[in-house]
Amino acid sequence: MNISIRKGVKSDLAEVLDLIKELAVYEKAPQEVIVTVEDLDRDGFGENPIFEFFTAESDGKIIGIALFYIKYSTWKGKCVFLEDIIVTEQFRKHGIGKMLLDEVVKVSKDLNVNRLEWQVLDWNKPAIKFYEKINSHFDKDWINCKLTKEQIDEYKFIN
């Protein structure tokens, strides 16, 4: 199997969205994907890009991505947040996720960030096993919090 890793470009976005939807199915939440190719184009390649990605290709077809962005920690300063590594199901367990992670680690080193971080679902045993192999730190102290778009829209400001 011949796999090449490269920086993602605009023309990749339709295939990227297909992979995102495949991941949502795997995570049992296909209805949660509302992002469009237009959103990805604006947010990744617009006036102020807010994410980057690498692709893994085989025979000219995108079979994996790693999507990441810069974040800032009040304690650590500049960090990279790896939003997702996605490898299409038939190509999993061939080291492609590691190849994509390697590229994000290289970017993290080049940017001299103080931390590379990501999240993993507690039931995603294959991903957890992968992250254990690379000796990642699993933080049991923090709880993820979020407001949905609807919650943001309905948010009550204190006057």
- What is the spin-label model distance, in nm, from Lys156 to Glu132 if the labels are put 7 Å beyond Cα along the C-beta direction? 4.5 nm
- Task: With only Lys, Arg, Asp and Glu charged, each at its Cβ (+1 for the first two, -1 for the last two), find how big the charge dipole of region 4-153 is about the Cα centre; round to the nearest 20 debye.
- Result: 700 debye
- So what's the convex hull volume per residue for the Cα atoms of region 8-83, in Å³? 111 Å³
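What does the helix-only formula give at 222 nm for the chain: each DSSP H stretch with n ≥ 4 adding -39500 (n - 2.57), the total divided by the residues, and the result rounded to the nearest 500 deg cm²/dmol?
Here the helix-only value at 222 nm equals -9500 deg cm²/dmol.
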- Query: Which entry in [x] 11.7; [y] 10.6; [z] 9.1 matches mean projected area of the Cα convex hull in nm² derived from the coordinates of this structure?
  - Reply: [x]
- Computed label-point distance, nm, for sites Lys140 and Met1 using a 7 Å Cα→Cβ extension: 3.4 nm
- Only helices at least 15 Å long along their axis, Cα-based, and averaging 0.0 or more on Kyte-Doolittle count here, so list those DSSP H runs from the chain. 13-26, 96-110
- If we sort 78-84, 2-8 on the protection proxy, mean other Cβ atoms within 10 Å, highest first, what's the order? 78-84, 2-8
- Task: Would you mind computing, in nm to one decimal, how far apart the modelled labels at Val37 and Lys106 are, each placed 7 Å from Cα along Cα→Cβ?
- Result: 2.8 nm
- Sequence-distant lysines (8 or more away, or on other chains) whose Cα lies within less than 28 Å of Lys10: Lys21, Lys28, Lys61, Lys71, Lys78, Lys93, Lys98, Lys106, Lys109, Lys149
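Readers should treat all values here as calculations from the given coordinates under stated rules, not as data from a laboratory. This one's a predicted model, so the numbers in the text were calculated from it and none came from an experiment. Quick reminder, even Gly has a Cβ in these numbers, built from the backbone with ideal geometry, and neighbours come from all protein chains shown.
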